[in-house]
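S.K.: The structure that follows is given in the form of structure tokens.
The values are calculated or read from the model by the stated rules, or taken from the named source; none is laboratory data. Computed from a predicted model, the values in this text were never measured in an experiment. Please note: Cβ atoms are built from the backbone with ideal geometry, for glycine as well, and neighbour counts cover all protein chains shown.
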Amino acid sequence: MTHRTIEVASTHGLHARPAALFVQAAAKAGRPVRLAKGGREVDAASILGVVSLGVSRGDEVTLTVDGGDADRILDELAAFLRTDHDAAPAAAEPA
Amino acid sequence: MSSVLTGVGIGRGIAVGPVLRMPSPLPEPSDAPSARGADAEKARAADAMAATATDLRQRAGRAAGSAADVLEAQALMAEDPTLKADVDGRIDGGATADRAVFDGGAAMAEMLAGLGGYLGERAADLHDISSRIRAHLAGVPAPAVPDSDVPFVLVARDLAPADTALLDLSVVRALVCEEGGPTSHTAILAREKGIVAVVGVRGALGIVEGTSVVVDAASGEVESDIDEARTAAAEREASERAARTQAPIAPGRLADGTALPLLANLGSLDGIAAAVEAGAEGVGLFRTEVLFLDATEAPTVDAQVTAYRTLLDAFPGRKVVVRVLDAGADKPLSFLTDSTEENPALGLRGLRVLRAQGTVLEDQLTALARAADTAEADLQVMAPMVATTEEARWFAARARELGIRTPGVMIEVPSAALVADRLLAEVEFASIGTNDLTQYTMAADRLLGSVASYQDPWHPAVLRLVGEVCAAGQRLGRPVGICGEAAADPELAVVLAGLGATTLSMSPPAIAEVRGELLRWTLEDARTAARAALDAEDADAARAAVRALTPDP
């Protein structure tokens with residue numbers, strides 16, 4: 001079992017589009033990935049689970065993967081979380 | 001004999017067509033124990049969830065931009081492992097797949113609603129997704145917009161975001177909703193896309209499918225059982241209206257050639273392309289709230305400079321009016337506004353918040369000045385919710401100090417309108433926000449359905465205030481623009497021209513029709529119309545008086 005702790009970079013945290021992209025990446029990993037914040041852990045391939053953590057910019061989250069290629073999977077997902085996917089700040093229409 | 005139902009019309013359009021109904025919402029599934037057994041129910045649930053996700057993904061493929069993103073996210077939710085685990089747990093407890101999806105979806109929606117903010121709004125998505133899955137389980141059509149090759153009038157209880165995102169405007173002539181008010185999702189969409197719509201029509205769902213109806217947004221009426229003469233008259237009116245919106249794209253002007261620039265109201269950078277395409281001669285109101293939305297702290301100066309440059313670069317040589325952050329009341333921001341105020345519309349909002357806080361305004365003005373340095377657009381910056389001359393003076397000094405050449409004020413508060421000559425002496429221009437000016441003049445909360453009838457900018461009390469401000473602007477040689485919903489109403493736009501407005505700013509889809517309407521009136525005609533509206537007893541009488549003066553097409 002391999003862990004990694006990352007600080008989330010997206011301006012709006014793991015909400016909306018960045019959350020959907022992250023979940024899609026986690027689902028493609030081929031192994032179960034868990035995402036935890038503040039002691040609560042969810043399935044990283046579940047959009048409802050991920051958004052329910054209420055992850056904001058700058059929050060520390062921990063990724064956990066089992067198995068041989070865990071490091072490769074963690075590298076990819078960690079790189080995703082360290083990128084600001086809301087870099088164009090005015091791209092979203094207010095709901 | 002025709003029969004008439006009434007509701008709240010959105011816009012001024014008219015349309016005729018046969019009624020098609022949205023399938024009714026599914027009934028609540030029975031909570032009797034399953035007769036199929038848990039394994040069979042789990043398989044049914046899994047199949048229905050996968051099929052719903054596939055369906056949503058296909059719709060995402062056909063939609064564009066943010067609508068596609070919303071549908072992609074909905075597809076993920078439809079086959080979400082957390083939802084599936086919850087549903088399976090309920091099935092293990094004896095529930096049918098239908099009941100488990102109903103309860104599981106509701107539980108997840110409640111969880112999202114509890115998180116508030118952006119995620120709270122996704123709760124409505126989850127209700128919609130749950131009903132789509134249940135439609136698959138029940139083998140009935142998903143509660144979605146019906147397919148049709150011939151134009152029709154869509155009648156629904158109300159529309160979900162997933163439906164409105166995909167409305168095919170080449171076949172939907174009009175929307176009629178049993179529920180909803182002027183600020184409902186359907187109404188906002190109809191206004192954005194320029195769809196003829198009447199919402200809050202009691203009894204609309206009782207109209208038999210296939211019946212021909214006339215939908216008149218101007219009067220808020222839906223007329224059924226119509227004869228041929230009525231159909232022909234309505235079709236003629238619809239095509240005359242369409243012809244007016246076909247006026248070639250050109251700068252806004254009256255019939256005698258008097259120039260009246262038509263500008264765009266923008267809520268985000270996404271709207272730029274549509275504004276340019278509609279022939280907007282600049283931007284009359286750029287709302288900056290979107291930069292701060294969902295944020296727990298204000299965006300950095302650098303991030304703001306990038307956004308403002310994109311805006312300014314889209315309108316080289318044109319006027320671009322940016323409104324500094326208007327927080328409070330209907331636009332609360334967690335890091336700035338106090339949510340415990342009893343009367344937020346009368347509370348610490350707009351410029352009042354910015355003065356109390358300090359750095360947000362300073363950063364914003366600094367970023368705007370920096371963006372303007374390298375841009376060819378004529379940047380003008382205005383403050384929201386100015387009530388006193390001292391506030392106008394304070395804002396102008398602060399803005400000039402930080403490098404803004406053209407500071408101005410919004411006129412939304414009656415006190416500001418009544419002493420507009422004093423305020424205009426302190427700043428370079430004024431822009432009238434008719435929505436708030438109406439709310440404050442009529443003392444009627446614009447978000448409150450029970451007093452919605454007061455929220456009518458045609459009221460002579462509102463128009464007299466507008467007239468005061470325009471007259472003050474003329475005396476002092478200061479431009480006075482209009483940037484509220486009022487400017488998007490073609491006939492009211494004529495009145496505003498007659499009152500002396502120097503520019504009209506509106507959401508881009510409204511520009512074509514306003515341009516066409518202005519071309520029918522000379523400045524003298526418009527002044528006559530304005531006088532008639534000012535002399536009327538109330539909003540309806542003002543509207544009728546102006547309509548009676550309309551020149552022949």
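S.K.: Consider only pairs whose beta carbons are under 6 Å apart and that are at least six residues apart or on different chains; among these, list those whose first residue lies in segment B:266-285 and is more than 18 Å from B:Val381 (Cα to Cα) and whose second residue is modelled with pLDDT under 90 and surrounded by fewer than 21 Cβ atoms within 10 Å (Cβ to Cβ).
M.R.: From residues that are more than 18 Å from B:Val381 (Cα to Cα), the pairs are B:Asp270/A:Glu93; B:Gly279/B:Ile249.
S.K.: Let me ask another. Name the helices (runs of 4 or more DSSP H) wholly inside segment B:412-465 in which the number of residues that are surrounded by fewer than 19 Cβ atoms within 10 Å (Cβ to Cβ) and at pLDDT below 95 is 1 or more. Walk me through how you get there before you give the answer.
M.R.: On the way: elements: B:414-418, B:420-426, B:434-442.
The helices (runs of 4 or more DSSP H) meeting that bar are B:434-442.
S.K.: Quick one: B:Val320 ticks every box in (1) closer than 21 Å to B:Cys483 by Cα; (2) among the β-branched types (Val, Ile, Thr); (3) assigned to a loop (DSSP other than H, G, I, E, B) except a single one, so which number is it?
M.R.: B:Val320 satisfies every listed condition except (3).
S.K.: Here is a list of conditions, (1) in contact (Cβ under 8 Å) with a residue 24 or more places away in the chain; (2) within 19 Å of B:Leu402 (Cα to Cα), and B:Gln357 meets all of them except one; can you say which number that is?
M.R.: (1)
S.K.: Can you pull out the residues in segment B:377-403 that are part of a loop (DSSP other than H, G, I, E, B), out of contact with any strand residue (DSSP E or B) (no Cβ under 7 Å at 6 or more places or on another chain) and of a type outside the set (A, V, I, L, M)?
M.R.: B:Thr388, B:Gly403
One line per residue, one yes/no per condition, for (1) buried (at least 17 other Cβ atoms within 10 Å of the Cβ); (2) without any contact (Cβ under 8 Å) to a residue 60 or more places away in the chain:
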site	(1), (2)
B:Ala501	yes, no
B:Arg520	yes, no
B:Ala529	yes, yes
B:Ala548	no, yes
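S.K.: Residue by residue through segment A:45-87, note down the ones that are within 12 Å of chain B (Cβ to nearest Cβ), within 30 Å of B:Ala303 (Cα to Cα) and of a type in the set (A, V, I, L, M, F, W, C).
M.R.: Within segment A:45-87, A:Ile47, A:Leu48, A:Val50, A:Val51, A:Leu53, A:Val55, A:Ala87 qualify.
S.K.: I'd like the full set of residues that are more than 9 Å from every other protein chain (Cβ to nearest Cβ) and without any contact (Cβ under 8 Å) to a residue 12 or more places away in the chain, limited to segment A:1-37.
M.R.: Within segment A:1-37, just A:Lys28 meets the criteria.
S.K.: Something else now. Being among the hydrophobic types (A, V, I, L, M, F, W, C) and closer than 27 Å to A:His12 by Cβ is true for just one of B:Leu346, B:Leu291. Which residue is that?
M.R.: Working: B:Leu346 fails: closer than 27 Å to A:His12 by Cβ.
Just a single option satisfies the conditions, and that option is B:Leu291.
S.K.: Does segment B:39-47 contain at least one residue that is closer than 15 Å to B:Ser131 by Cα and within 13 Å of chain A (Cβ to nearest Cβ)?
M.R.: There is no residue in segment B:39-47 that is closer than 15 Å to B:Ser131 by Cα and within 13 Å of chain A (Cβ to nearest Cβ).
S.K.: Name the single residue, out of those in segment B:48-72 being more than 14 Å from chain A (Cβ to nearest Cβ) and charged (D, E, K, R), that is surrounded by the fewest Cβ atoms within 10 Å (Cβ to Cβ).
M.R.: Only one residue tops the list, namely B:Arg62.
S.K.: Restricting to segment B:277-289, and then to whatever is of a type outside the set (Gly, Ala, Ser) and under 23 Å from B:Thr406 (Cα atoms), can you tell me which residue is farthest from the other protein chains (Cβ to nearest Cβ)?
M.R.: Within segment B:277-289, the subset of a type outside the set (Gly, Ala, Ser) is B:277, B:281, B:283, B:285-289.
In the following step, the residues that additionally are under 23 Å from B:Thr406 (Cα atoms) were identified as B:281, B:283, B:285-289.
On the way: B:Glu281: 22, B:Val283: 13, B:Leu285: 14, B:Phe286: 10, B:Arg287: 8, B:Thr288: 8, B:Glu289: 7 Å.
Restricting to residues being of a type outside the set (Gly, Ala, Ser) and under 23 Å from B:Thr406 (Cα atoms), the top hit is B:Glu281.
S.K.: Of the residues B:Ala264, B:Ala234, only one is in a helix (DSSP H, G or I), more than 14 Å from chain A (Cβ to nearest Cβ), touching a strand residue (DSSP E or B) at 6+ places or on another chain (Cβ under 9 Å) and among the small types (Gly, Ala, Ser); which?
M.R.: Details: B:Ala264 fails: in a helix (DSSP H, G or I).
Exactly one residue qualifies, and that residue is B:Ala234.
S.K.: Right, something else. If I ask for residues that are farther than 18 Å from B:Gly284 by Cα, surrounded by 24 or more Cβ atoms within 10 Å (Cβ to Cβ) and of a type outside the set (Val, Ile, Thr), which ones from segment B:466-498 would you list?
M.R.: Of all residues in segment B:466-498, those farther than 18 Å from B:Gly284 by Cα come to B:467-468, B:471-472, B:474-477, B:491, B:495, B:498.
Pick out the ones that are also surrounded by 24 or more Cβ atoms within 10 Å (Cβ to Cβ) and you get B:495, B:498.
Scanning segment B:466-498 gives a single hit, B:Gly498.
The rows are residues; the columns are (1) of a type outside the set (D, E, K, R); (2) in contact with a Ser or Thr (Cβ under 8 Å, 6 or more places away or on another chain).
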position: B:Glu209; (1), (2): no, no
position: B:Val214; (1), (2): yes, yes
position: B:Ala217; (1), (2): yes, no
position: B:Arg230; (1), (2): no, yes
position: B:Ala233; (1), (2): yes, no
position: B:Ala259; (1), (2): yes, no
position: B:Ala280; (1), (2): yes, no
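S.K.: Follow-up. For segment B:73-99, enumerate the residues that are within 11 Å of another protein chain (Cβ to nearest Cβ), surrounded by 20 or more Cβ atoms within 10 Å (Cβ to Cβ) and either under 24 Å from the mean Cα position of the chain (by Cα) or among the small types (Gly, Ala, Ser) (or both).
M.R.: Hits for segment B:73-99 are B:Ala73, B:Gln74, B:Ala75, B:Ala78.
S.K.: Scan (1) over 19 Å from B:Ala190 (Cα atoms); (2) at pLDDT 75 or above; (3) of a type in the set (Ser, Thr, Tyr) for the single condition B:Tyr118 breaks and write down its number.
M.R.: (2)
S.K.: Could you go through segment B:290-310 and let me know if any residue there is closer than 27 Å to B:Ala247 by Cα and assigned to a helix (DSSP H, G or I).
M.R.: Taking segment B:290-310 first, the residues closer than 27 Å to B:Ala247 by Cα are none.
No: segment B:290-310 contains no residue that is closer than 27 Å to B:Ala247 by Cα and assigned to a helix (DSSP H, G or I).
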